[in-house]
Amino acid sequence: MIPRKMNGRKRTTVIAAGCMAVSLVACVLLLRHIDEIRPKATIEDALYVNSPKMIKRASLGFDGLMACIYWTRTVQYFGHRHYDRAHTYNELAPLLEITTTLDPYMIPAYEFGASFLAPKPPGGAGEPARAIHLMEYGIAHNPDNWHLYYDLGFVYYTELKDYRKAAEVFERGSKVPDAHPFMKIMAAQMALHAGDFATSRMLWSATYESSHETNIRQNAIEHLRSLRVDEDVTSLQALVTQFGERTGRLPASISELAAAAHLRAVPVDPDGNPYQLSAKGQVLVQNPDDFPFITKGTPPGYIPAPPKFHTKSSD
Amino acid sequence: MAAIEILGLEKTYMVGFWRKRPKRALQPLHLTVEEGEIFGFLGPNGAGKTTTLKMLMGLVFPTSGTARILGHEWTDPEIKAQIGFLPEQPYFYDYLTAHELLDYYGQLSGVPAKDRKRRVEEVLQRVGLTDIQGVQLRKFSKGMLQRAGIAQAILHNPKLVFFDEPMSGLDPLGRREVRDLMEQLKQEGKTVFFSTHILSDAEALCDRVAIIYKGELRGVGAVEDLTSTVQGKVEVVWQGTQIPASMKALGAECHVTGDTVRAVLAENQQDAAIDALRREHIRLIAITPLRTSLEAYFVEKLQPSQAASAGKTVGTAV
Amino acid sequence: MSPRIIQIAANTFREAVRDRVLYNLIAFALLLSGAAIFVGQISIDIERLVVVDLGLTAVSLFGVVIAIFIGIGLVSKEIEKRTLYTVLSRPVRRWEFIVGKFFGLAGTLVVNTFFMAIGVFGALFYVAHKFSKPDALILVALYFIVLEFLIICSLALLFSSFSSPLLSAVFAFSLFVIGSFAEDLRGFAGLAHGVTRWFATAAAYLVPNFSALNVISAAAHEQPLSSQLILHNTLYALFYTAMALSGAVLIFERRNLK
């Protein structure tokens, strides 16, 4: 294998370098495997102590660093659960609470909490009360950050449908110096057009544009896609009704409906698939699993799959 | 077969903390040491003696050049079983006793287990370390460490020994003993290569010497050959204030101090001077060699580049 | 294996055993295991938990301290004191020296761990009056602790082969701390983008991974450990050690001894 003529030092160098390279590769492969067999253990370890104050004490003054570590763990936990299409996110709230106790100024943690703590499973942890508590804690520590008011108002609006409270929070937020002008519009919108698609779209677009967190942006994209489906299905369903009123029968296909309504083409969903029409005249989306947040266009008895972010529509 | 053949060994160090610049510690060195001789490697401190020895031992890697030891490549680890090395101011594992240290070194050099105990006793006896059973090396004096160092160098009965400043740290009696030991090693057919800055040791012991200065070889050969062109000086001291004319004729420089006269003259005029004084019935007090012929040669060899750094006396450097 | 490696290892072991600091550290660790008994008595019903948690933590921490403080001097001290000259001028290859030193230190730590483990089991017996089957998990935890020591030894040796003892200690200790958060570090890397992600991932995989080796709380809570994990951890520790030792050999092979 190694030429005999090579002098001793060269031979040692070659062997040692080879041994080092092989070991390095083996280490990386083994680590990946170890990570696979114990991802659950990690988060259980992390929450072995789950009193945020205790952890702050135990971090011996390195609470900034510990906050970063817990923040990473939070994102990882969410990512793993999301990837596994798990239906619950039971550890999300304690992880976020620990993170923000360690570092109350970690804004992304609040944004994350608003986006994923409040929504009902499978989209989130289904703990709006804890989300609101987290946001109020965040606002108390960062009263000058309008994003936090926005996120809190968002929770009131989307999850609790408490438009009065939402308007109140947007109003509070709009008074913060340098607040984005749409905070004021938002506050007004709440009173007038609560529940409109347009309002929802405005909110989700704002979320998408103001966040840097990949998960949150993806989530906003999913919502915007689903909103479009909901809007399309609503208007198509209205056309079906008009068609019925005019002709006394249901359209045979979506193309017949399109022709009758003088639409330029057969309407398609955000993925480019044409909408479909059931025998009972119901407008349906072709792959409901691709739009996790739709409330319309699903066949009767459809059980939504847990949301999974689509890479094809990113950014 | 030559015991050591140094073929252009050269060392350049990079010095300086930030901007490294090269500093040449040793110019390309060519040197051959024959088997069975005592070879002296002479030069003032910092001349490059230790660097050369470390390169031969594989402790420092040369910038270029190679060497052969006992007919083998000098990098061949097996050849080291036949080499003994005493570093300058040796220091050993101070938690060991001399017996443990030598036993460990014996193992590393491949001395068979059955011979080891006997060999250790033998060499300790030979270097004059007795009554040290159970004493850790941390309790050793400088001289004792030097002796232990010599013991470890000859422990495995090597064919070739390298001594770096073997006399340092020893009292006059110890120096005498080490000289005798080196003579014995030669009689046993071993080759001894030793570095020193003490010329009298070299002159008394060596078959051949090499002189190195500022990393450059300045001369090499048998002591008699090297010194044939230069003269040593002796100082003759006698009682009285009288300076015989015959002394002046010998070219002596005479100084009168109190009731004694000190005359400095060439080494080869020593006998004539004594005869002259005896003729005059003058009482001789002392004859002291001021500068041996090797020293004279050494000084001469160092002169050319010394001219640049005038003011520095060679006497202190040597 | 060359006999010289064994001889060097034996001498390294002898050096460690004759060092008084070692005994102080072991005594401290045993004291801490003993103290666990009293802490356990204060908090009723969790005596076993406290004894195992505190005892194993003491074994691990003091072992790490011993590994680092002996390991960092293994090569650099020999260069500084010039004791290496008379070793390397014998038929000893430089790699044999490194490997021998490693085995000597590893052996020292295994023996230390053995004695400290006796202390932990003694304390456990004192509070429980018997040994039960889940106590075997403590042996697994101790085994993982020894694996951790192997990695730290090799790292200390690696640093010792090119820097001063003080710097080596700083390096080795930082890596110990970073390595304890290795999983989180890989998490961080996963959140980064572009070139940063690339570098962060490389760094995260390069630091030793101690998080998977720490099963002290699992042992204290009597949670079973999969044999898969034991196997993978063993292989990981051996390969990591081999990697660090190869690095040490590569550096030391080139080093000029001033």
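The values are calculated or read from the model by the stated rules, or taken from the named source; none is laboratory data. Keep in mind it's a predicted model, so treat the numbers as computed, not measured. Heads up, the Cβs are rebuilt from the backbone with ideal geometry, glycines too, and the neighbour counts pull from every protein chain shown. What goes into the accessible areas is simple: the full protein's heavy atoms, side chains included, and nothing from ligands, DNA or RNA. Shrake-Rupley method; radii C 1.70, N 1.55, O 1.52, S 1.80 Å.
Tabulated data
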item	result
Exclusive hit being out of contact with any His (no Cβ under 8 Å at 6 or more places or on another chain), open to solvent by less than 20 Å² (accessible area, probe 1.4 Å) and modelled with pLDDT under 85, set A:Ala261, A:Ala220	A:Ala220
The stretch B:213-254: number of residues that are under 21 Å from B:Glu295 (Cβ atoms) and open to solvent by 70 Å² or more (accessible area, probe 1.4 Å)	9
Test: B:Phe61 is facing another protein chain (nearest Cβ under 7 Å), modelled with pLDDT of 90 or more and open to solvent by less than 20 Å² (accessible area, probe 1.4 Å)	no
Breaking point among (1) surrounded by 19 or more Cβ atoms within 10 Å (Cβ to Cβ); (2) in contact (Cβ under 8 Å) with a residue 60 or more places away in the chain, for A:Pro108	(1)
Top-ranked residue of the stretch B:9-31 - restricted to ones that are assigned to a strand (DSSP E or B) and open to solvent by 70 Å² or more (accessible area, probe 1.4 Å), ranked as farthest from B:Gly221 (Cα to Cα)	B:Arg21
Residue check for C:Phe173: more than 9 Å from every other protein chain (Cβ to nearest Cβ), within 14 Å of the chain's Cα centre (by Cα), at pLDDT 85 or above and open to solvent by 10 Å² or more (accessible area, probe 1.4 Å)	yes
Complete set of residues in the stretch C:98-108 that are within 14 Å of chain A (Cβ to nearest Cβ) and buried (at least 23 other Cβ atoms within 10 Å of the Cβ)	C:Ile98, C:Phe102
Some residue of the stretch C:123-144 being within 13 Å of another protein chain (Cβ to nearest Cβ) and either crowded, with 19+ Cβ neighbours inside 10 Å or more than 20 Å from the chain's Cα centre (by Cα) (or both)	yes
When residues of the stretch B:95-115 are limited to those that are among the hydrophobic types (A, V, I, L, M, F, W, C) and within 11 Å of chain C (Cβ to nearest Cβ), the one surrounded by the fewest Cβ atoms within 10 Å (Cβ to Cβ)	B:Ala113
Criterion (open to solvent by 40 Å² or more (accessible area, probe 1.4 Å) and either over 12 Å from C:Ala67 (Cβ atoms) or not in a helix (DSSP H, G or I) (or both)) met by exactly one of C:Val120, C:Val111	C:Val111
Condition met for B:Leu56 (buried (at least 16 other Cβ atoms within 10 Å of the Cβ), within 15 Å of the chain's Cα centre (by Cα) and either outside the structural domain of B:Phe163 (by TED's automatic domain parsing) or touching a residue at least 24 places away in the same chain (Cβ under 8 Å) (or both))	no
All helices (runs of 4 or more DSSP H) inside the stretch A:185-297 with 1 or more residues being aromatic (Phe, Trp, Tyr)	A:197-210, A:214-247
Contacts under 6 angstrom Cβ, first residue in the stretch C:155-167 being touching a residue at least 24 places away in the same chain (Cβ under 8 Å), partner open to solvent by 40 Å² or more (accessible area, probe 1.4 Å), 6 or more apart	C:Phe159/C:Phe171; C:Ser161/C:Ile251; C:Phe162/C:Ile251
Residue tally, condition within 20 Å of B:Gly110 (Cβ to Cβ) and more than 12 Å from every other protein chain (Cβ to nearest Cβ), over the stretch B:143-162	3
Number of the condition not met by B:Ser293 [criteria: (1) over 29 Å from the mean Cα position of the chain (by Cα); (2) open to solvent by less than 30 Å² (accessible area, probe 1.4 Å)]	(1)
Residues of the stretch A:185-212 that turn out to be in contact with a helix residue (DSSP H, G or I) (Cβ under 6 Å, 6 or more places away or on another chain), open to solvent by 30 Å² or more (accessible area, probe 1.4 Å) and at pLDDT below 75, as a count	4
Pick from the stretch C:211-240, criterion more than 8 Å from chain A (Cβ to nearest Cβ), of a type outside the set (A, V, I, L, M, F, W, C) and not in a loop (DSSP other than H, G, I, E, B), ranking: least open to solvent (accessible area, probe 1.4 Å)	C:Thr234
Restricting the stretch A:227-254 to residues that are open to solvent by less than 60 Å² (accessible area, probe 1.4 Å) and among the polar types (S, T, N, Q), the residue that is nearest to A:Ala198 (Cα to Cα)	A:Thr234
Hits in the stretch C:74-97 - residues which are more than 10 Å from chain B (Cβ to nearest Cβ) and either surrounded by fewer than 22 Cβ atoms within 10 Å (Cβ to Cβ) or farther than 24 Å from B:Glu88 by Cα (or both)	C:Ser76, C:Lys77, C:Trp95
Filter result (facing chain C (nearest Cβ under 8 Å) and either open to solvent by 30 Å² or more (accessible area, probe 1.4 Å) or of a type in the set (Ser, Thr, Tyr) (or both)) within the stretch B:69-80	B:Pro77, B:Glu78
Pair list, Cβ < 9 Å and 6+ apart or interchain, from the stretch B:184-200 residues that are within 16 Å of B:Met167 (Cα to Cα) and assigned to a helix (DSSP H, G or I) to residues that are among the hydrophobic types (A, V, I, L, M, F, W, C) and open to solvent by 20 Å² or more (accessible area, probe 1.4 Å)	B:Leu199/B:Val318
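Yes/no matrix, rows are residues, columns are (1) modelled with pLDDT under 95; (2) not aliphatic (A, V, I, L, M):
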{"residue": "C:Pro208", "(1), (2)": "yes, yes"}
{"residue": "C:Ser217", "(1), (2)": "yes, yes"}
{"residue": "C:Leu229", "(1), (2)": "yes, no"}
{"residue": "C:Thr241", "(1), (2)": "no, yes"}
